[in-house]
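Asker: Next up is a structure, given as structure tokens.
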């Protein structure tokens with residue numbers, strides 16, 4: 001499958017974000033950060049690789065290194081865990 005439309009790219013972005021344990025609708029990530037992450041995905045040259053990876057991944061697989069948002073997803077997950085931990089300790 002050739003991935004060449006904005007809708008296909010944004011579907012991959014959403015799927016990768018959800019695979020990382022994040023929801024674009026959660027409000028955890030600011031709109032500005034979310035737009036920047038989507039732009040990184042739209043400009044990525046690994047769309048075909050991403051599509052194939054998404055088709056073959058298992059739930060335990062980490063976000064792959066070719067993902068331009070890998071570090072951002074990891075940071076957002078860490079921030080989410082920190083917020084939830086702080087809320088439990090309060």
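Asker: More than 11 angstrom separation, counting every C-alpha pair in the stretch 1-43; what % is that?
Answerer: Beyond 11 Å sits 65 percent of the P(r) for the stretch 1-43.
Asker: Now for a different question. If neighbour count is taken as other Cβ atoms inside 10 Å, put 66, 13 in order from fewest to most.
Answerer: Ranking 66, 13 by Cβ neighbours within 10 Å, fewest first, gives 66, 13.
Asker: Something else about it: How far, in degrees from 0 to 90, does helix 70-89 lean away from the longest principal axis of the Cα atoms of the chain, to the nearest 10?
Answerer: Around 20 degrees separate the two axes.
Asker: As I understand it, the value is the acute angle between the Cα axis of helix 47-56 and the longest principal axis of the Cα atoms of the chain; what does it come to in degrees, rounded to 10?
Answerer: The angle comes out at about 70 degrees.
Asker: Would you calculate a helix-derived [θ] at 222 nm for the chain, using -39,500 (n - 2.57) for each DSSP H run of n ≥ 4 and dividing by the full residue count, to the nearest 500?
Answerer: Dividing the helical sum by the residues of the chain leaves -20000 deg cm²/dmol.
Asker: Moving on. Pick from 52, 72, 19: which is most flexible by mean-square fluctuation in a GNM of the chain where alpha carbon atoms under 10 Å apart are linked?
Answerer: 52
Asker: Let me ask another. Only Cα pairs within less than 10 Å get springs; with that Gaussian network setup on the chain, which residue of 47, 15, 60 has the largest fluctuation?
Answerer: Comparing 47, 15, 60 in a Gaussian network model of the chain, the most mobile one is 60.
Asker: Something else about it: Can you tell me the mean projection area, over all orientations, of the convex hull of the chain's alpha carbons? Units nm², please.
Answerer: 6.1
Asker: Which of 68, 14, 35 moves the most in a Gaussian network model of the chain with Cα springs under 10 Å?
Answerer: 35
Asker: Which angle between 0 and 90 degrees, to the nearest 10, do you get for helix 6-19 versus the longest principal axis of the chain when only C-alpha atoms count?
Answerer: Approximately 40 degrees, to the nearest 10.
Asker: Continuing with this model, one more query. Looking only at Cα atoms, what is the convex hull volume of the stretch 45-90 per residue, in Å³?
Answerer: Spread over its residues, the Cα hull of the stretch 45-90 gives 74 Å³ apiece.
Laboratory data are not the source of any read-out in this text; all were calculated from the coordinates shown. Remember, it's a predicted structure, so these values are computed and weren't measured experimentally. Don't worry about glycine lacking a Cβ; one is built from the backbone with ideal geometry, like all the others, and counts go over all protein chains shown.
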